[in-house]
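The values are calculated or read from the model by the stated rules, or taken from the named source; none is laboratory data. Since the model is a prediction, treat every value here as computed from it, not as a measurement. Positions of Cβ are generated from backbone atoms using ideal geometry, with glycine treated the same way; all protein chains shown enter the neighbour counts.
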Amino acid sequence: MTAVRIEIRSKHYRAAPGGERKAVLKNLALELGAGEFVCLVGPSGCGKTTLLNIVAALDRDFEGSVRIGGRRAPRIGYVFQNPRLLPWRTVRENIALALPRGVDPAYVDHLFDVMGLSAARDAYPERLSLGMSRRVALVRAFAINPDLLLMDEPFVSLDPPTARRVRELLIRLWRERPHTVLFVTHELREAIQLADRLVFLGPPPTSVVADIPVTLAREARDENAIEDFRKALQRDQPALRGLL
């Protein structure tokens, strides 16, 4: 399990050649405890995906630092909005491409079982529903036993019952092996169902505007409890009303 420290003094984009640089992130500081599940919540376009790409070292054009457990080469799992499965490879082959040496095959089989994908291991992605493709992406991310798991709105476009079921499966896997997770969403109910902490981001240039623990017991996070918690946030955190 891995603790994470993120300090971004500034991240800019240039709108067009010769145009002015636009600040996207500024003075953003965030820490994640080992094995903690943290959800980033913020409006569209506030830089959530940009932040994940910086943490994943896919974007190095910023001022600041990211430290993941003090490791020089941390193992990072990344679940994107699009499952990104290679269409010419079977489910089993897509997973195998991501596996480092030494991964226990029995654990991979267990992940398939938990996600209800055992019968689909030899199927090609075109034969999968969107919900199944999302579950394959989760198997691929967990199978590498990451130091840090990044998730960028991985359940977008799923119908509500399917999304809730996949979130439940995600939490089951996470509770078996509590990796450090940074999960991006703009859906507050989803964040409340999943997170130990809610970190709210404001509009660009984006920084953290609130960091709130989710005090609900995980066994008690049914739809009514989640809605009550959401309403309490609206009532008790007036500064967040434009973000909720």
Residue that is surrounded by the most Cβ atoms within 10 Å (Cβ to Cβ) [pool: residues in the stretch 162-194 that are over 26 Å from Cys46 (Cα atoms) and either in contact with a Cys (Cβ under 6 Å, 6 or more places away or on another chain) or of a type in the set (Lys, Arg) (or both)]: Arg165
Scope the stretch 208-239; condition under 21 Å from the mean Cα position of the chain (by Cα), aliphatic (A, V, I, L, M) and surrounded by 12 or more Cβ atoms within 10 Å (Cβ to Cβ); matching residues: Val208, Val209, Ala210, Ile212, Val214, Leu216, Ile226
Search result, residues across the stretch 25-46 that are modelled with pLDDT of 90 or more and more than 17 Å from Gly69 (Cβ to Cβ): Leu25, Lys26, Asn27, Leu28, Ala29, Cys39, Leu40, Val41
Residue in the stretch 114-124 that is in a helix (DSSP H, G or I) and of a type outside the set (A, V, I, L, M) present: yes
Tabulated pairs, the stretch 170-192, first of a type in the set (Lys, Arg), second at pLDDT 90 or above, C-beta under 6 angstrom, 6+ apart or interchain: Arg189/Ile226
Members of the stretch 60-96 that are within 19 Å of Glu153 (Cα to Cα) and either among the aromatic types (Phe, Trp, Tyr) or touching a residue at least 24 places away in the same chain (Cβ under 8 Å) (or both): Ile76, Gly77, Tyr78, Val79, Phe80, Gln81, Pro83, Arg84, Leu85
Residue satisfying all of: in the stretch 97-108; over 20 Å from Pro154 (Cβ atoms) and part of a helix (DSSP H, G or I); modelled with the lowest pLDDT among these: Pro105
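Confirm whether Ser65 is among the hydroxyl-bearing types (Ser, Thr, Tyr) and part of a loop (DSSP other than H, G, I, E, B). Can you show your working first?
Working: among the hydroxyl-bearing types (Ser, Thr, Tyr): yes; part of a loop (DSSP other than H, G, I, E, B): no.
Spelling it out, it is not the case that Ser65 is among the hydroxyl-bearing types (Ser, Thr, Tyr) and part of a loop (DSSP other than H, G, I, E, B).
Any idea which residue in the stretch 188-244 is nearest to Glu7 (Cα to Cα), counting only those that are hydrophobic (A, V, I, L, M, F, W, C) and in a strand (DSSP E or B)?
Within the stretch 188-244, the match that is nearest to Glu7 (Cα to Cα) is Val208.
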In the stretch 113-161, the residues that are of a type in the set (Lys, Arg) and either surrounded by fewer than 16 Cβ atoms within 10 Å (Cβ to Cβ) or within 19 Å of the chain's Cα centre (by Cα) (or both): Arg127, Arg134, Arg135, Arg140
Meets criteria (under 25 Å from Arg175 (Cα atoms), part of a helix (DSSP H, G or I) and not charged (D, E, K, R)) for Asn94: yes
